[in-house]
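Here the structure is laid out as structure tokens; the discussion comes afterwards.
The values are calculated or read from the model by the stated rules, or taken from the named source; none is laboratory data. Not measured: the values here are computed from a predicted model. When we count neighbours, we look across all protein chains shown, and the Cβ atoms used for this are built from the backbone with ideal geometry, even at glycine. Remember, those area values only see protein heavy atoms, side chains included, never the ligands or the DNA or RNA. Shrake-Rupley method; radii C 1.70, N 1.55, O 1.52, S 1.80 Å.
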Number of protein chains: 2
Amino acid sequence: MLSFWDKYQQASRLNKSLVCLGLDSDLNKLPSSLLKEANPQWIFNREIINATQDKVSCYKPNLAFYLEAGPKGLQALYQTVAHVPSNIPVLLDCKVGDIGNTMSSYAKAFFEDLGVDAITVNPLMGRDVLEPCQDYSGKMIFLLTLTSNPSAIDYLKLDSLYQRIANDIASFDHTKVGAVVGATQRWDLQLMRKLMPDTLFLIPGIGAQGGNVADVMHDAIRDKTDPRILINSSRQIIFADKSIHFAAKAAIVAETLRVEIQSYL
Amino acid sequence: MLSFWDKYQQASRLNKSLVCLGLDSDLNKLPSSLLKEANPQWIFNREIINATQDKVSCYKPNLAFYLEAGPKGLQALYQTVAHVPSNIPVLLDCKVGDIGNTMSSYAKAFFEDLGVDAITVNPLMGRDVLEPCQDYSGKMIFLLTLTSNPSAIDYLKLDSLYQRIANDIASFDHTKVGAVVGATQRWDLQLMRKLMPDTLFLIPGIGAQGGNVADVMHDAIRDKTDPRILINSSRQIIFADKSIHFAAKAAIVAETLRVEIQSYL
């Protein structure tokens with residue numbers, strides 16, 4: 001089985017794309033035409049994936065929107081992950097961060113049972129949270145480092161905690177540990193790359209949150225031949241159109257973002 | 001409907017108990033006699049709750065162990081929460097910490113759909129994570145403040161981040177925001193209470209992790225008539241016996257802890 005790292009390399013080269021497509025498939029926001037389906041979240045995701053699989057280098061389902069739909073939502077998540085082509089990595093956005101047998105249980109649930117290639121992890125409790133994940137060869141974890149929201153200043157930027165986290169990430173194997181760095185943190189993107197020269201960045205926050213592709217491509221990439229970034233976009237792509245043509249429109253918006261990003265390389 | 005705070009007050013007085021019973025009901029560790037059941041986790045929890053509901057002041061299911069069992073595990077969690085007597089609060093240990101519509105989705109999933117009275121929350125991303133929870137009147141969130149694991153020194157104790165979090169918690173309504181403070185942090189328990197004089201503490205880490213009841217009762221309580229603590233115990237109670245008598249034995253161990261704690265009041 002391919003590792004996250006291998007899939008990312010393959011998909012980003014084959015599709016010429018650094019787009020991470022966030023599957024924030026909130027049941028309450030789906031096209032009304034799907035609500036007659038037995039499991040609308042699954043059907044929605046299937047159509048989105050079918051329409052975009054040649055335009056992205058990663059899919060990122062967000063656990064919250066599946067948990068909110070109860071056991072059926074979790075079923076939709078399982079079906080979604082299984083449907084993603086085997087050469088495109090799946091990164092579950094769950095931001096878990098626990099220790100010991102609890103973290104082992106999350107790792108087993110997500111890496112073994114659900115079968116995703118990577119998860120987002122909250123490092124607040126320290127290095128203990130990483131340990132249970134390190135048994136999973138080929139999987140990656142992305143540690144929250146500097147998030148895109150305004151209150152990142154409360155703790156992450158307090159006393160430069162984010163720089164300490166970044167230094168710790170840089171000490172790990174870059175094929176195993178990545179970093180979440182918000183595109184809105186414009187004045188810190190260069191610093192983040194300097195502190196983590198080889199790390200793969202998952203970059204949320206472009207568009208509605210105020211970050212922009214130009215800043216990211218100027219300051220956050222490693223180099224033009226091996227940029228080591230994933231630029232996430234979720235609702236702007238998947239909910240671009242609520243008619244029966246939702247998937248075709250999502251593909252158009254994903255393609256626009258893909259091309260915009262490539263124009264800087 | 002009673003609030004978390006009201007339920008905690010009622011249950012702790014009625015049962016004369018400060019025990020929070022952690023339902024870490026890992027499917028792989030259940031008594032073998034239950035494995036023939038259609039949903040062993042649910043039956044296990046039902047029996048544990050039936051046997052201990054006069055000995056505890058809170059139940060704390062841990063999301064990881066239900067997610068690991070897939071959609072059926074989530075079903076067991078729903079049934080478990082519904083089975084807890086209405087005068088005993090249920091605190092979901094999920095350590096979520098996200099923002100905006102993602103956090104709103106977690107809050108809806110846990111407070112509305114699942115129907116728990118409180119959740120644990122990771123504050124790393126700052127005050128933005130609290131906002132979506134504040135719409136839920138009567139619910140509580142417990143912020144990770146100083147966890148019981150060794151690597152809490154990596155970030156939480158770095159530059160005294162935990163004290164900053166504690167100060168922020170103290171500024172909130174104590175019936176809405178509590179704190180997770182590990183029993184193993186013996187030298188900081190008095191400081192935590194000093195910084196958060198009115199806050200309800202959820203205290204993990206007694207027993208196997210090395211914390212002890214004497215330290216907690218000496219240093220972490222508010223006062224003897226209104227101690228404002230919940231002392232958690234999970235596996236030591238629920239997995240005390242793996243025979244068909246598991247529930248009766250769990251009740252005995254829970255009662256022993258209850259009495260030990262009460263002896264300091």
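Give me the inter-chain shielding for B:127-134: mean count of other chain Cβ atoms within 10 Å, whole number please. Working shown, then result.
Working: counts 6, 6, 5, 1, 1, 0, 0, 0.
Shielding by partners across B:127-134 averages 2.
Please give me the summed charge of the neighbours of A:N15: other residues whose Cβ is under 11 Å from its Cβ, Lys and Arg +1, Asp and Glu -1. Display every interim value, and only then the final one.
Values: positive: A:R13, A:K16, A:K55, A:R258; negative: A:D54, A:E255.
Every neighbour counted, the sum reads +2.
Among B:Q10, A:Q41, A:N87, which residue has its Cα furthest toward the positive end of the charge dipole of the protein assembly as shown, with +1 on Lys/Arg Cβ and -1 on Asp/Glu Cβ?
A:Q41
Return the distance in nm (one decimal) between the two label points of a simple spin-label model at B:E131 and B:D223, each offset 7 Å from Cα along Cα→Cβ.
Taking the simple label geometry, B:E131 and B:D223 are separated by 3.8 nm.
Any chance you could check the Cα centroid distance between segment B:211-253 and segment B:154-168 for me, in angstrom?
Measuring centre to centre over Cα atoms gives 27 Å.
Please check chain A for the longest run free of trypsin sites (Lys or Arg not before Pro) that are loop-located per DSSP (anything but H, G, I, E, B) and have at most 10 other Cβ atoms within 10 Å. Spell out each step's value before the answer.
On the way: sites that count: A:K36, A:K224.
Maximal segment without exposed cleavage sites: A:37-223.
What are the nm distances, shortest first, from B:I252 to its equivalents in the other copies, labels at 7 Å along Cα→Cβ?
7.1
For B:158-167, what's the mean count of beta carbons from other chains sitting within 10 Å of each residue's beta carbon? Present the calculation step by step, with values, prior to reporting the outcome.
Details: counts 6, 5, 2, 6, 1, 0, 4, 4, 0, 0.
Taking all residues of B:158-167 together, the mean is 3.
For B:K36, which inter-copy label distances result when the label point lies 7 Å beyond Cα on the Cα-to-Cβ vector, reported in nm to one decimal and in ascending order?
4.6
Just the isolated ones, please: cysteines in chain A lacking another cysteine beta carbon under 4.7 angstrom.
A:C94, A:C133
Enumerate the lysines that A:K36 could reach by cross-link, defined here as Cα to Cα under 18 Å, with residues fewer than 8 away along the same chain left out.
Straight-distance partners of A:K36: A:K72, A:K242.
Roughly how crowded by other chains is peptide A:25-36, in terms of the mean Cβ count from those chains within 10 Å of each of its Cβ atoms?
Numbers: counts 0, 4, 1, 3, 1, 0, 0, 0, 0, 0, 0, 0.
Mean partner-chain Cβ count within 10 Å for A:25-36: 1.
Hey, which aspartates and glutamates would be in cross-link range of B:K157, C-alpha to C-alpha under 15 Å, not counting anything within fewer than 8 residues on its own chain?
Filter leaves A:D128, A:D159, B:D188.
For the pair A and B, how large is the buried accessible area, both sides, in square angstrom to the nearest 100, if the probe is 1.4 Å?
Working: alone 11770 and 11760 Å², together 18900 Å².
Chains A and B together bury roughly 4600 Å² of accessible area.
Note the full-extension length gain between A:Q209 and A:S263 as 0.36 nm times their separation in residues minus their Cα-Cα distance, in nm to one decimal.
Numbers: separation 54, 0.36 × 54 = 19.44 nm, distance 2.19 nm.
Computed gain between A:Q209 and A:S263 is 17.2 nm.
List residues of segment A:180-216, by number, whose backbone nitrogen lies under 16 Å from a label position 7 Å along Cα→C-beta of A:R235.
Within reach of a label on A:R235, which here means backbone N under 16 Å from a point 7 Å along Cα→Cβ, segment A:180-216 contributes A:204-211.
Run the reach check for B:K16 against lysines, Cα to Cα strictly under 27 Å, same-chain hits fewer than 8 apart removed. What comes back?
Counting by Cα, and skipping residues close in sequence, B:K16 has these lysines nearby: B:K7, B:K55, B:K60, B:K139, B:K176, B:K194, B:K224, B:K249.
On average over all directions, what projected area in square nanometres does segment A:102-224 have, based on the convex hull of its Cα atoms?
Details: hull surface 31.5 nm².
Value for segment A:102-224: 7.9 nm².
For B:Y136, what accessible surface area do you get with a 1.4 Å probe? Give it in Å², rounded to 10.
Accessible area of B:Y136: about 50 Å².
For the protein assembly as shown, compute Rg over Rh where Rg is the Cα radius of gyration and Rh is the Kirkwood radius from the inverse mean 1/r over Cα pairs. Before the final figure, lay out the partial values.
Values: Rg = 22.9 Å, Rh = 23.6 Å.
Radius of gyration relative to Kirkwood radius: 0.97.
Could you calculate the contour length gain from B:I153 to B:N28, that is, 0.36 nm times the residue separation minus the distance between their Cα atoms, to one decimal place in nm?
Details: separation 125, 0.36 × 125 = 45.00 nm, distance 3.14 nm.
Answer, rounded to one decimal: 41.9 nm.
Probe radius 1.4 Å, ligands and nucleic acids left out: which of B:I119, A:I244, A:I221 has the largest accessible area, and how do the rest follow? Display every interim value, and only then the final one.
Numbers: B:I119 0, A:I244 125, A:I221 20 Å².
Solvent-accessible surface, decreasing: A:I244, A:I221, B:I119.
Probe radius 1.4 Å, ligands and nucleic acids ignored: give me the carbon and sulfur share of the accessible area of segment B:93-176 as a rounded percent.
Numbers: 1130 of 2540 Å².
The value for segment B:93-176 is 45 percent carbon and sulfur by accessible area.
Within segment B:227-265, report the chymotrypsin sites (Phe, Trp or Tyr not before Pro) that DSSP leaves as loop and that have at most 11 other Cβ atoms within 10 Å. Write down the numbers at each step before the final one.
Details: sites: B:F239, B:F246, B:Y264; in loops: B:F239, B:Y264.
Within segment B:227-265, no chymotrypsin sites (Phe, Trp or Tyr not before Pro) qualify (loop, at most 11 other Cβ atoms within 10 Å).
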